[in-house]
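The values are calculated or read from the model by the stated rules, or taken from the named source; none is laboratory data. Model, not experiment: these values are computed from the prediction. Virtual Cβ from ideal backbone geometry, glycine too; neighbours counted across all protein chains shown. When the accessible area is computed, the model is the full protein with side chains, heavy atoms only, and any ligands, DNA or RNA have been set aside. Shrake-Rupley method; radii C 1.70, N 1.55, O 1.52, S 1.80 Å.
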Amino acid sequence: MENELLNLVERLLDCGEQMALFEPRDRIYLRNQYCDLFDLTPLNSYSISSRNDEITPAECASLILAKLEERIKNRIGETEEQQICKIINIMLPPPSSVENKFNQIKSTDGIINALEWYYNFSCNSDYIKVAAVKRNKSWTSESKYGNLEITINLSKPEKDPKEIAKLKSQPKSDSAYPQCLLCIENEGFAGTSSKPARHNHRILELDLNQQKWYFQFSPYAYYPEHSIIINKNHKPMLIDQNTINSLFDFVDQVPHYLIGSNSDIPIVGGSILNHDHFQAGNYVFPIEKSGVRFSRKIDNVEIEYLNWPVSTLRLNGKRSNLQILTAKIIKHWYHFSMPELGIIAFSETGVRHNAITPVLRKIDNDNYQLYLMLRNNRTNSSHPDGIFHPHENLHHIKKENIGLIEAMGLAILPGRLDYELEEMSRFLEMNDKNLASIELLYDDKMLKHENWLTELYAKYNNFANQNLSQILKNEVGDKFCLVLEDAGVFKQTIAGDQGINDFLDELLAL
């Protein structure tokens with residue numbers, strides 16, 4: 001057993017060295033660290049039969065844990081995730097060294113190469129959960145707004161919008177450590193029963209709008225180079241002119257990335273509202289390929305109202321002009337009401353209902369495109385979860401908040417759908433509505449899809465010799481399109497077009 005463990009330690013070191021997680025000079029030091037951790041006695045020589053094989057540090061760490069006796073496993077940590085993070089962390093450089101390496105590459109080879117190095121480092125060190133992300137399912141779905149992108153996320157649990165809303169109103173707790181999953185204090189944190197281990201977490205510091213922020217890649221990437229930019233201070237989300245200034249500062253430093261922010265209020269915001277942050281990445285989203293419903297020019301800025309289900313203004317122009325106009329739009333939208341369309345800016349107690357989801361891309365040295373998605377989080381007796389939120393008839397597919405990523409046309413659907421779509425396919429294969437309905441009643445997980453099953457039988461009538469997998473993918477895409485339409489405050493109708501034009505007319509008069 002001891003020799004097997006010693007060989008696995010060498011295999012782990014081989015893997016880390018090949019991935020440049022440490023310098024070859026440090027190998028003996030690291031070997032001794034691992035032997036101390038695992039209560040092993042180092043050898044002077046080793047016989048390794050599997051050098052250069054394709055295995056990740058996390059997979060190798062998992063093999064080591066499987067060989068360890070229970071008493072040693074308990075000494076290392078509480079959960080397997082914590083144990084693996086701790087094992088990998090031993091071979092990683094400290095945050096300052098990672099940051100110095102990044103800045104060195106940036107100064108000599110440019111920001112693109114520096115980010116590529118940091119991304120590979122984050123994958124190799126298992127901070128980005130590559131294996132978990134690969135399990136996600138994805139496909140493209142046609143819609144009247146262009147192609148939408150659908151993903152079933154198998155790596156993160158479904159979140160309840162009501163629980164998300166509670167986070168924003170919770171008082172700040174000085175005793176909680178870290179105060180949330182985004183705080184800088186997560187860097188190197190050992191984890192608890194309720195907070196993940198972050199031994200292998202390394203963050204980059206940057207300046208935005210004369211404030212300290214931190215850059216990291218998302219451990220559960222939703223799209224290529226999905227990254228999170230985190231305010232140094234633990235303070236609630238707030239979309240104002242400072243937000244817009246920070247977005248511009250970011251794309252001036254990282255011009256090949258798009259950056260955006262979830263809106264700052266519940267229901268139409270993201271899953272973390274109590275810590276100010278942005279999301280960025282090296283990706284082109286469906287909204288960027290959408291058509292234009294009409295355009296106007298205000299204050300030397302071209303404003304395009306997009307043919308997109310989530311009501312969106314796209315501003316084209318130079319930085320200074322966009323900043324000035326955006327300040328006016330934010331102020332005007334936060335106080336704009338049109339009751340006949342369900343848009344009311346404030347509750348009777350003065351709580352703001354209107355919000356903005358901003359997204360920015362730099363086009364060239366002087367020109368930018370700023371997307372401003374107009375949102376509203378009102379509820380009523382007919383729609384207690386949100387008037388401009390997925391309505392109850394769509395909750396079997398999507399109940400969570402429609403945040404930044406989904407508003408741009410990339411669906412993040414709950415992992416439960418992986419099983420549920422397979423079951424739906426099995427029911428439809430019966431080609432017998434009554435029999436399928438009876439089967440559905442015996443599965444609590446599937447009852448939510450009862451109406452959908454009825455809809456599908458009515459629509460297609462006969463499923464014999466049909467590609468059921470493709471049918472269900474198309475149908476899920478259609479459902480997601482309806483989800484986005486529910487989120488639109490100005491519907492793609494004559495009344496909706498008149499409403500957005502009235503809003504712009506009032507803006508022009510300011």
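What is the extension gain from Thr192 to Gln210, computed as 0.36 nm multiplied by their sequence separation minus the C-alpha to C-alpha distance, in nm to one decimal?
Answer, rounded to one decimal: 3.1 nm.
May I ask you to compute the full-extension gain from Asp505 to Cys35, defined as 0.36 nm times their residue separation minus their alpha-carbon distance, rounded to one decimal in nm?
Result for the pair: 162.0 nm of gain on full extension.
Each residue of segment 354-367 in order: what ³J(HN,Hα) in whole Hz does its phi give by Karplus 6.51 cos²θ - 1.76 cosθ + 1.60, θ = phi - 60°, with x for Gly and Pro?
7, 8, 10, 10, x, 9, 10, 9, 8, 8, 8, 4, 10, 10
Apply the Karplus curve 6.51 cos²θ - 1.76 cosθ + 1.60, θ = phi - 60°, to the phi angles in segment 403-416 and return the couplings in whole Hz, x for Gly and Pro.
Whole-Hz 3J(HN,Hα) from phi for segment 403-416: x, 3, 5, 6, 4, 8, x, 10, 6, 10, 8, x, x, 4.
If you find the alpha carbon centre of segment 492-510 and of segment 324-343, how far apart are they in angstrom?
10
Summarise the accessible area of the chain (1.4 Å probe, protein heavy atoms) by the percent that is carbon and sulfur.
Percent of accessible area from carbon and sulfur atoms in the chain: 48.
Using only the C-alpha atoms of segment 365-510, find the volume of their convex hull and express it per residue in Å³.
Cα convex hull per residue, to the nearest whole number: 169 Å³.
Near the amide H of Tyr371, under 5 Å away, which other amide H atoms are found, from residues 5 or more places off or on another chain, if H is placed in the peptide plane?
Leu315, Val359, Leu360, Arg361
Where Lys and Arg each count +1 and Asp and Glu each count -1, what net charge lies around Ile105 among other residues with Cβ under 14 Å from its Cβ?
Spelling it out: positives minus negatives among the neighbours equals -1.
Taking a spot 7 Å from the Cα of Asn147 along the direction of its beta carbon, which residues of segment 279-294 have an amide N less than 17 Å from it?
Only 283-291 pass the distance filter.
Run the numbers for Asn120 and Ser347: contour at 0.36 nm per residue of separation, minus the present Cα-Cα distance, in nm.
So the chain would gain 77.0 nm between Asn120 and Ser347.
At 222 nm, what helix-only mean residue ellipticity would the chain give, in deg cm²/dmol to the nearest 500, using -39500 (n - 2.57) for each DSSP H run of four or more?
Per the formula, -12500 deg cm²/dmol.
Only bridges with both residues in the chain count here: give the DSSP antiparallel percent, nearest 5.
90
For Asp252 and Asp444, what is the calculated FRET efficiency with R₀ set at 56 Å and r taken between the beta-carbons, to the nearest 0.05?
Calculated value: 0.60.
Given R₀ = 41 Å, what would the calculated FRET efficiency be for Ala20 paired with Glu78, taking r from the Cβ atoms and rounding to 0.05?
The pair Ala20/Glu78 has a calculated efficiency of 0.85.
Please list 3J(HN,Hα) in residue order for segment 27-32, calculated via the Karplus relation 6.51 cos²θ - 1.76 cosθ + 1.60 where θ = phi - 60°; whole Hz, with x for glycine and proline.
5, 4, 4, 5, 4, 5
Give the calculated FRET efficiency between His391 and Glu59 to the nearest 0.05, with a Förster radius of 41 Å applied to their Cβ-Cβ distance.
Efficiency, from the Cβ-Cβ distance: 0.40.
Calculate, in whole percent, how much of the Cα-Cα pair population of segment 414-493 lies beyond 17 Å.
Counting pairs separated by more than 17 Å, the tail of P(r) holds 48 percent.
Hey, any idea what the orientation-averaged projected area of the convex hull of segment 163-312's Cα atoms comes to, in nm²?
Result: 10.7 nm².
In the structure shown, do any of Lys433/Lys491; Lys195/Lys448; Lys137/Lys398; Lys448/Lys479; Lys144/Lys331; Lys362/Lys399 have a Cα-Cα gap over 25 Å, and if so which?
Cα-Cα > 25 Å for Lys433/Lys491; Lys195/Lys448; Lys144/Lys331; Lys362/Lys399; rest within.
Once label points are set 7 Å from the Cα along Cα→Cβ at both Val284 and Asp366, what is their separation, rounded to one decimal in nm?
Using points 7 Å along Cα→Cβ, the separation is 2.4 nm.
Label segment 270-343 by shape, choosing from rounded, prolate and oblate, from the square roots a ≥ b ≥ c of the eigenvalues of the Cα gyration tensor; if a/c is under 1.5 it is rounded, and otherwise prolate applies when a/b is larger than b/c, oblate when it is not.
It comes out rounded by the Cα gyration axes.
Starting from the Cα of Thr493, move 7 Å in the Cα-to-Cβ direction to define the label point; list residues of segment 278-307 whose amide nitrogen is under 16 Å from there.
The answer is none.
Principal axis extents for the chain, Cα atoms only, whole Å, descending order, please.
Result for the chain: principal-axis Cα extents of 80, 64, 42 Å.
Hey, what's the chain come to in accessible area per residue, 1.4 Å probe, Å²?
45
Using only the Cα atoms of segment 347-431, what semi-axes does the equivalent ellipsoid have when each is the square root of 5 times a gyration tensor eigenvalue? Give whole Å, largest first.
They are 33, 24, 8 Å, listed largest first.
Percent relative contact order of the chain, based on C-alpha pairs within less than 8 angstrom and at least six residues apart?
So the answer I get is 13 percent.
Under a crude label model (7 Å from the Cα following the beta-carbon direction), how far is Ser155 from Ser271 in nanometres?
Roughly 1.2 nm, to one decimal.
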